[in-house]
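Presented below is the structure to which this report refers.
FYI, it's all coordinate maths here, none of it is from the lab. As the structure is a computational prediction, the values presented were derived from the model and not from experiment. Because the Cβ atoms are built from the backbone with ideal geometry, glycine has one as well, and the counts that use them run over all protein chains shown.
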Amino acid sequence: MRKTLLALSLPLLLCALAQAASFDCTKAATAQEKAICATPDLSAADDQMAAAYHAWLAAAPPDWAAGIRDDQRLWLRARTTNCPAGNAANPIEQCLRQVYKDRIDELQSRVKTLAGVTFVARAITLTAPDEPGSLPPGVIEVTPGFGTLQASWPQASSTTPQWAAWNSAIVPAIIQAANANESSSAHDWNGLVQPGVDRSLTVTVERVNTQWVSVSVLDYYDGHGAHPMENSSAFYWLLDKQRALKTEDVFLPNSGWDAWMEKRLDSYLHQALDSQSDGNYQSWFPQGNAAQEIRSIVSNPEGWVLNAKGLTLAFQPYEVACYACTPEPLTIPWSDLKPYLQPGFVLPQ
């Protein structure tokens, strides 16, 4: 239709434009909806987004539909909040292009097939009412008057015992990851939703092989203070052993791998941070206990990223430096780690 618009009469042209987006353009009410209807590439992006959303809905079991629809409603609300009209520094059309790109990528990842296994994401939304006067004036929440938790996580469609065990393990792993820096541990989703806080937990399958499966957990936490926080972690699951990955599954015990990696990380952080800390990057660490923090980073598989290039150590905000000076992740090639690796561990491809 879009390729032949010039040949249409004006009434037909208006009709075509009215149907170009996922909503009826003749009823467009907001500045965002009007911009989408008036801009061909945004209209096309809206169509692509709607197709990805309906593909997710179609792939999911019927009892997941309510959670998926809630997830989409909150995104539509956020689209309006994130792309206000009249922003000269970031015109609404430019803002919407990025917002749609991110949402399309996100929705397309909600149904994914890897190594012959199809994963479909499940979604929930929970709220907790704010206490009166607890937030500064002008704060715009995802759900006005409530703290909101959005979570989405993959479930394998395979019914084999291996994948059934993984499906059961994934939610406790997410909750544990989300509480890694909390003083008390939550045991279910309700323990993660807080008044005055907008939080999203997005879990994505990254790799699957004959031995293990990995997911990334992105934890976006907005307490409406100076800035939101965004932490990331990983969850590796051994399919045959039906348990989470341990360091000894990757490295030979008593081989000195941990001391070698700690030294490598210490050297890297010196290079990355000394210039910002008067030549002593260790001053960034709480109570100056750099050795303990480095040991914790190296020995925690939840902070590892295992890919074809090697083992990557990623840093959370404030973990090794100030928020704005968090260094880039450190990747150690598999060739450097080879003397320490378990012979039977399957490296990612």
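With percent of Cα pairs over 33 Å apart defined as stated, name the option among [x] 41; [y] 28; [z] 35 computed from the structure displayed.
So the structure-derived entry is [x].
Could I have the simple spin-label model distance between Lys34 and Cys325, label points 7 Å from Cα toward Cβ, reported in nm to one decimal?
4.7 nm
Report, to two decimal places, the Cα Rg of region 248-340 normalised by 2.2 N^0.38 Å (N = number of residues). Write out the running numbers ahead of the final one.
Values: Rg = 13.3 Å, N = 93, 2.2 N^0.38 = 12.3 Å.
My calculation over the Cα atoms of region 248-340 gives 1.08.
Using 1/(1 + (r/R0)^6) with R0 = 30 angstrom and r between the beta carbons of Tyr340 and Leu218, what's the FRET efficiency to the nearest 0.05? Working shown, then result.
Values: r = 29 Å, r/R0 = 0.98.
That gives a FRET efficiency of 0.55.
With a ≥ b ≥ c taken as the square roots of the eigenvalues of the C-alpha gyration tensor of region 55-131, please select rounded if a/c is under 1.5 and otherwise prolate if a/b is larger than b/c or oblate if it is not?
Oblate, because a/c is 1.5 or more while a/b does not exceed b/c.
If only Cα atoms are counted, what is the Rg of region 118-219, and what is its Dmax, in Å?
When restricted to Cα atoms, region 118-219 yields Rg and Dmax of 16.1, 53 Å.
How much FRET efficiency would the formula 1/(1 + (r/R0)^6) give for Asp41 and Lys309, where r is the Cβ-Cβ distance and R0 is 35 Å, rounded to 0.05? Could you put the intermediate results ahead of the total?
Values: r = 34 Å, r/R0 = 0.98.
That pair, Asp41 with Lys309, gives E of 0.50.
Indicate the gyration tensor shape class of region 57-204 (rounded, prolate or oblate), computed on the Cα atoms with a ≥ b ≥ c the square roots of the eigenvalues: a/c under 1.5 is rounded; otherwise a/b larger than b/c is prolate and the rest oblate. Let's see the in-between values first.
Details: a/c = 2.39, a/b = 1.32, b/c = 1.81.
Oblate.
I need the trypsin sites (Lys or Arg not before Pro) found in region 174-280, filtered to DSSP loop residues with at most 15 other beta carbons within 10 Å of theirs.
Values: sites: Arg199, Arg207, Lys241, Arg243, Lys246, Lys263, Arg264; in loops: Lys241, Lys246.
Answer in residue order: Lys241, Lys246.
Which of rounded, prolate, oblate describes region 300-349, given a ≥ b ≥ c as roots of the alpha-carbon gyration tensor eigenvalues and a/c under 1.5 marking rounded, otherwise prolate only if a/b is larger than b/c? Can you show the working numbers first?
On the way: a/c = 2.85, a/b = 2.57, b/c = 1.11.
In terms of gyration-tensor shape, prolate.
What are the ³J(HN,Hα) values, in whole Hz, obtained from phi via the Karplus relation 6.51 cos²θ - 1.76 cosθ + 1.60 with θ = phi - 60°, for each residue of region 100-105 in sequence order, with x given for Gly and Pro?
Ordered by residue, 3J(HN,Hα) equals 5, 4, 4, 5, 4, 4 Hz.
Using 22 Å as the Cα-Cα cut-off, could you pick out the over-long pairs in Lys34/Lys101; Lys112/Lys338; Lys309/Lys338; Lys246/Lys338; Lys263/Lys338; Lys27/Lys101? Please report the intermediate quantities before stating the final value.
On the way: Lys34/Lys101 18 Å; Lys112/Lys338 32 Å; Lys309/Lys338 13 Å; Lys246/Lys338 17 Å; Lys263/Lys338 17 Å; Lys27/Lys101 24 Å.
Exceeds cut-off: Lys112/Lys338; Lys27/Lys101.
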